[in-house]
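Inspection log for the structure reproduced underneath, given as structure tokens.
The values are calculated or read from the model by the stated rules, or taken from the named source; none is laboratory data. As the structure is a computational prediction, the values presented were derived from the model and not from experiment. All Cβ positions, glycine included, derive from the backbone under ideal geometry; neighbour counts span all protein chains shown. Heads up: the accessible areas ignore ligands, DNA and RNA and are worked out on the full protein's heavy atoms, side chains in. Shrake-Rupley method; radii C 1.70, N 1.55, O 1.52, S 1.80 Å.
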Amino acid sequence: MITFPNTPATAAALSVATRFCSPALLNHSIRSYVWGAMYAAAHAIAYDDELFCVAALLHDTGLTEPFDSHRLPFEDAGGQLAWVFGVAAGWPQERAARAHDIIVLHMRDDVPAADDPEAHVLQVATSWEVVGRHAEEFPERARAEVLTRYPRLGFGAEFLGCFEDQARRKPDSAAAASVRRDVAGRIAANPLETA
């Protein structure tokens, strides 16, 4: 099983995610890191493991009540929090800005691995997590192992509720566009929802 990089920043990011995310959202964030690391290893994608781990753990904090912005899309709010987190962790501002960018880009059009490996890996991992995209990348045995260790705990329904709330309040957001493109149906059809 893939483990987090052993750094103060990743330990602190896990503490932040544990404090502010629901159990389902926390497990989703952890699974996003694990799926992404698996995918990167399988495709020999070189990436910054600490940076990716922090971004994965914090990528949905903008969906939580304490960090939900009434104006910004959730991914931008979460990215802003990741920037603050990175600077507080002692990272140079450029590295903190990378955490912000990775989180924002994970909700945009596909980013090639050659352009931004961490954003690409987070996109693949979260699209697998939420709507079952890239299922061929994750063998049944790996799925069972990850879901046993980090169960979904009703993640699909909770996440859909978050996106529908974002769509109502922020109709120009990527979350709203996802709702209009039937994210509800794609979540329901995700093989991880029935695993």
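Observations on the model:
- From Ala189, Ala135, residue being of a type outside the set (Lys, Arg), in contact with a helix residue (DSSP H, G or I) (Cβ under 9 Å, 6 or more places away or on another chain) and open to solvent by 70 Å² or more (accessible area, probe 1.4 Å): Ala189
- So Ala40, is it farther than 20 Å from Leu81 by Cβ, among the small types (Gly, Ala, Ser), in contact (Cβ under 8 Å) with a residue 12 or more places away in the chain and outside any helix (DSSP H, G or I): no
- So Val111, is it in a helix (DSSP H, G or I), touching a helix residue (DSSP H, G or I) at 6+ places or on another chain (Cβ under 8 Å) and open to solvent by 10 Å² or more (accessible area, probe 1.4 Å): no
- Residues (open to solvent by 30 Å² or more (accessible area, probe 1.4 Å) and hydrophobic (A, V, I, L, M, F, W, C)) located in segment 148-161: Leu153, Ala157, Leu160
Here is a yes/no grid of residues against (1) within 15 Å of Ser32 (Cα to Cα); (2) of a type outside the set (A, V, I, L, M); (3) not in a helix (DSSP H, G or I):
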| site | (1), (2), (3) |
| --- | --- |
| Val121 | yes, no, no |
| Glu136 | no, yes, no |
| Glu145 | yes, yes, no |
| Glu158 | no, yes, no |
| Arg186 | no, yes, no |
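- Close pairs (9 angstrom Cβ cut-off, 6 or more residues apart or separate chains): at negative phi in segment 115-129, open to solvent by less than 10 Å² (accessible area, probe 1.4 Å) and outside any helix (DSSP H, G or I) anywhere: Leu122/His59; Thr126/His59; Thr126/Asp60; Trp128/Phe138; Trp128/Asn190; Glu129/Asn190
- Arg168 meets all of the listed conditions (1) part of a helix (DSSP H, G or I); (2) touching a residue at least 24 places away in the same chain (Cβ under 8 Å); (3) open to solvent by 20 Å² or more (accessible area, probe 1.4 Å) but one, namely (2).
- Cβ pairs under 7 Å, 6+ apart, first in segment 66-85 and of a type in the set (A, V, I, L, M), second not in a helix (DSSP H, G or I): Ala77/Asp68; Ala77/Ser69
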